[in-house]
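*Asks:* Let me give you the structure first, and then I'll get to my questions.
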Amino acid sequence: MPVVVTAMFTPKEGSFDEVVAALSPAIAEVHEEPGCLLYAIHETPEGQILMIEKWESAELLDAHGAGEPVKRLNASLEGLLQRPVEVARHEPILAGTPDQGAL
């Protein structure tokens, strides 16, 4: 079953663009990983950066979490965030049609 993950990044004041620059290279790189269906960043109204991920399985997500792209990403974010990244895993609650009820 697919797994959806959200990760909320809270940049230090004045560091928004630097955080985006740190996250951006990972987008294409992670899309090449086995099991990655979606890996995208969005700006929130509060000036945070929300990453939305979708993986084919929890096992492939776990492999991603232990991989080199995540290690490089974490290193590039050092000193730029106001607080630790808030990561949550989500499972769909199917409603409507399969296309309507899940990412």
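Every read-out reported here was derived from the displayed coordinates using simple, explicitly stated rules and does not represent laboratory data. Fair warning: this is a prediction, and the values are worked out from it, not measured in the lab. In this analysis, Cβ positions are derived from the backbone assuming ideal geometry, glycine residues included, and neighbour counts consider all displayed protein chains.
*Asks:* Translational D (Stokes-Einstein, µm²/s) of the stretch 3-90 at 4 °C and 1.567 mPa s when Rh comes from the Kirkwood sum over C-alpha pairs?
*Replies:* For the chosen part, D equals 99 µm²/s.
*Asks:* Less than 13 Å from a label point 7 Å out along the Cα-to-Cβ axis of residue 86: which backbone N atoms in the stretch 9-34 qualify, by residue?
*Replies:* Once the point is set 7 Å along Cα→Cβ of residue 86, 9-11 turn out to lie under 13 Å by backbone N, inside the stretch 9-34.
*Asks:* As an exercise, use a Förster radius of 35 Å and the Cβ-Cβ distance of residue 33 and residue 12 to find the FRET efficiency, rounded to the nearest 0.05.
*Replies:* Plugging the Cβ-Cβ distance into 1/(1 + (r/R0)^6) gives 0.75.
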